[in-house]
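What follows draws every value from the coordinates through simple rules; no lab data is involved. Keep in mind the model is a prediction, meaning the values are calculated, not measured. No Cβ is skipped: glycine too gets one built from the backbone with ideal geometry, and neighbour counts run over all protein chains shown.
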Amino acid sequence: MLDLSKTLPTMRSAGARSSGPARAFEASFALVNVDTSGRVIFADPKFCALLGLGGGDDPAGRAFRDVAPGTALPGAGPVPAGFASILTDAEGREHSVAWTFTGPNGFVGLIATDASADARSAFTLDELTGLPNRAALIPAFGAMLERGSMPDTAHVAACLDLDRFKRVNDSLGHAAGDELLRKVAKRLSGSIRPSDVVLRMGGDEFTILFANCRPELVESLATRIIDVISRSFVVHGHQVSVGTSVGLAILQPGETDVADLLRRADVALYQSKNAGRGRFSWFEEGMLAALNERRLLETELRKALLLDQFELAYQAQFDFGTDSVSGFEALIRWRHPVRGLVSPAAFIPIAEETREILKIGAWVLEQACRMAMTWPAGITVAVNVSPVQFEAEGFVESVRAALTASGLPPTRLELELTESVLLTNDDLVIERMHALRDLGVRLSLDDFGTGYSSLNYLRKYPFNKVKIDQSFVREPFADENAHHIVTAVAGLGASMGMTVIAEGVETEEQLDRIRGQGCSAAQGYLLSRPIPAADIATYLAASSTRER
């Protein structure tokens, strides 16, 4: 958990007046927050001053009709665009109140106290989701500062966006994407406290302002948000899954610029994504250097293909039935002139996010097919396919083109798909898989057993092979329950005509065990490390005499 022991005591004065950007809001607007039953939740000092309420006359908890007689409230539910009512102040002057419905926060009313100010444009609703939009950020931030800070609490900003959102747009259309955003907004609104504000900043990006919140509660709310967004949505009759990561930043003592606060939260969001997504991160100073390094890596990655810096290594797969090499998995390597060999774990996520994976993946597919044509006729080549590739328009045609250009028979090409491919649009996934099978290409479910993997996948999708993840094979992870799962998957796969291959085999004991559990093939360092393309002929000659 974030340690705020040095920061919190000084933050109690964060609501003090200053001349920073947020104070421009105070000069022109008054704000009141009313719940759906019509009772005042919060009123800022300018609102109280308008109605002649003294310092000891806090309207919180009172009926709004008693605090501001004659001022109409909107009805329950979303407020029609442009809805406003008239408030008469203590001196008999009339002011326009622009109302916004913010879900669990009830209604927020902004009152223009300066003739040059326009309350409606300062605090407006996002037409799609009904949440406050980007224009509401400054007023909402100003209201948060006006409350000041209580002991052991902090004002915190959270930035988040959706994982795999573009896939929904691409596969189901923008109308479905809009519907998904509306449902996400509803879940977000239901996951925060009434005193917090969630805003849609544009696209699939959201910001949440947590006012006077203990750090452990912020983390609990962030965890809840990640959980509820990860649950499946039904959109236009399709079940879709997205996810989210959260970046958190704390308001610093005396800070009045919301842009700086959100910039730090956004950097923390990048950290959450780079750490594997589906998590939250607090901003730390070192993250700026890490972000700059990532951006540099992204720039260099865009040039790597043109500069011929990628190469393929191949790891053998062994068939127990013939006790021989049945195929090779193609593994990409990035040989950087300065960084040396860059791990795929470091650059593949960046390639997917920037969609450079489409060019890189096409290159891998073409090279692997050409290489396989130099091997004996019975040996296949397996190529990993990114979800971004699989869902891209024209993917099936690119596979067909690679086969045609190389002359490789389709039955010798195996495409490895991970579970994440299966978590989007079922109809599109199944249609595309059948189109690939119609070409004659074989399909493999990679890393089975990780994430939410279900045996139902083997029944539902037309796979030729299932690869059991190495965590079920290697000690100390492979316990007695793991052994039972391997046996069950091997039996089910065999009954459905699938090859079941165990990954990560490193010892003779593991090899003997998975063979005894019914697996039909194996892959791992015991049998073969990834080897350069130029050494495969020598390796095949040596392996033909190996006894098992």
Next on the checklist: From Cα pairs below 8 angstrom and at least 6 apart in sequence, can you work out the relative contact order of region 303-359, rounded to a whole percent?
Outcome noted: 25 percent
Checklist outcome for this item: Taking Cα atoms only, helix 357-372 is inclined relative to the longest principal axis of the chain by an angle, in degrees rounded to 10, of 0 degrees
Next on the checklist: Given the C-alpha atoms of region 374-441, compute the convex hull and give its volume per residue in Å³.
Outcome noted: 81 Å³
Checklist entry - Ratio of region 456-506's C-alpha Rg to 2.2 N^0.38 Å, to two decimals? => result 1.14
Item to check | Straight-distance crosslink candidates among lysines, where the alpha carbon sits under 23 Å from Lys359 and sequence neighbours closer than 8 are dropped | outcome: Lys166, Lys273, Lys303
Checklist entry - Once amide H atoms are built 1.01 Å from N in the peptide plane, which residues 5 or more positions from Thr256, or in another chain, come under 5 Å H to H? => result none
Next on the checklist: With a cut-off of 8 Å between alpha carbons and a minimum separation of six or more residues, what is the relative contact order of the chain in percent?
Outcome noted: 10 percent
Item to check | Folded to 0 to 90 degrees: helix 480-495 orientation relative to the chain principal axis, Cα | outcome: 70 degrees
Checklist outcome for this item: Labelled set (1) 14, 33, 27, 16, 7, 2, 0; (2) 19, 42, 26, 12, 1, 0; (3) 19, 47, 25, 9, 1; P(r) over Cα pairs in 20 Å bins from 0, in percent computed from this model equals the value at (2)
Checklist entry - Under 26 Å Cα-Cα from Lys46, which lysines qualify once same-chain neighbours fewer than 8 residues away are excluded? => result none
Checklist entry - Can you give the Kirkwood hydrodynamic radius for region 156-208, in Å, rounded to one decimal and based on Cα pairs? => result 11.7 Å
Next on the checklist: How tilted is helix 215-230 with respect to the longest principal axis of the chain? Cα atoms for both, answer in degrees (0 to 90, nearest 10).
Outcome noted: 60 degrees
Next on the checklist: Applying a 10 Å radius around every beta-carbon, put 202-213, 489-500 in order of their mean neighbour count, most first.
Outcome noted: 202-213, 489-500
Checklist entry - Rounded to the nearest 5, what is the percent of antiparallel bridges among the DSSP beta bridges in the chain? => result 70 percent
Item to check | R0 of 25 Å, Cβ-Cβ distance Leu128-Val228: FRET efficiency to nearest 0.05 | outcome: 0.80
Item to check | Area projected by the alpha carbon convex hull of region 479-548, averaged over all directions, nm² | outcome: 5.5 nm²
Item to check | aspartates and glutamates with Cα under 18 Å of Lys186, excluding same-chain neighbours fewer than 8 positions away | outcome: Asp35, Asp126, Glu127, Asp161, Asp163, Asp178, Asp196, Asp204, Glu205, Asp227
Checklist entry - For Val381, what charge total do you get from the other residues with a beta carbon under 9 Å from its beta carbon, if Lys and Arg give +1 and Asp and Glu give -1? => result -1
Next on the checklist: Which order do the peptides 248-255, 154-161 come out in when sorted by mean C-beta neighbours inside 10 angstrom, highest first?
Outcome noted: 154-161, 248-255
Checklist entry - How would you rank 38-46, 373-381, highest first, on the average number of other Cβ atoms within 10 Å across their residues? => result 38-46, 373-381
Item to check | Volume in Å³ per residue [convex hull over Cα atoms, computed for region 304-541] | outcome: 133 Å³
